[in-house]
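Before any comments, here is the structure.
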Amino acid sequence: QVQLVESGGGSVQAGGSLRLSCAASGRSISAYTIGWFRQAPGKEREFVASIRRSGSNTYADTYADSVKGRFTISRDNARNTVYLQMNSLTPEDTAVYYCALSRAMIRATNVYEYDTWGQGTQVTVSS
């Protein structure tokens with residue numbers, strides 16, 4: 001029912017920044033957990049960050065160790081959009097980035113915990 005569309009990917013040099021967007025349509029995502037994952041060639045899809053509702057009007061974030069301090073996840077409920085601000089990028093961040101929705105309003109860091117996925121957006125970081 002809900003559709004997710006990622007945008008904002010591109011090519012940057014090491015040390016640069018990008019902001020990815022995950023725009024949802026079909027239903028409000030304000031009450032659901034939204035996660036960002038990435039997949040590099042020959043590698044498994046891995047968790048990057050997620051944001052979930054922790055109260056009636058509060059949210060909580062979770063980050064993979066590899067991106068802590070560099071990436072920030074946020075959401076704009078009025079726009080039904082989740083963002084991933086990526087700073088201090090390195091070539092190891094090169095991957096296709098996906099956003100996904102989990103109907104369970106809990107911390108979720110595994111692929112199997114998510115129901116709906118976007119098409120992905122390519123991020124390439126050169127040295």
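Just a few scattered comments:
- Net length gained if the chain between Arg103 and Gln85 were fully extended (0.36 nm per residue, minus Cα distance): 4.1 nm
- In percent, rounded to a whole number, the relative contact order of the chain is 36, using alpha-carbon pairs under 8 Å and six or more apart.
- Between the stretch 36-59 and the stretch 83-127, the Cα center-to-center distance that results, in Å: 6
- With R₀ set to 25 Å, the beta-carbon distance separating Asn110 from Gln13 gives a calculated FRET efficiency near 0.20.
- Take the Cα of Arg27, step 7 Å toward its Cβ, do the same at Asn57, and the gap between the two points is 2.5 nm.
- Within the shell defined by Cβ-Cβ distances under 14 Å, the residues around Gly69 carry a net charge of -1, with Lys and Arg each +1 and Asp and Glu each -1.
- Label-to-label distance for Ser126 and Ala78 is 3.8 nm, based on points extended 7 Å past Cα in the beta-carbon direction.
- Projecting the Cα atoms of Val96, Ser66, Ala108 onto the dipole axis of the chain, where Lys and Arg carry +1 and Asp and Glu carry -1 at the beta carbon, places Ala108 farthest toward the positive end.
- Its Cα gyration tensor gives the stretch 1-75 an equivalent ellipsoid; the semi-axes, largest first and in whole Å, are 23, 16, 13.
Every number in this text was worked out from the coordinates using simple rules, so none of it is lab data. Owing to the predicted nature of the structure, the values given are computational and were not obtained by experimental measurement. Cβ coordinates were reconstructed from backbone atoms using ideal geometry, including for glycine residues, and neighbour counts include every protein chain displayed.
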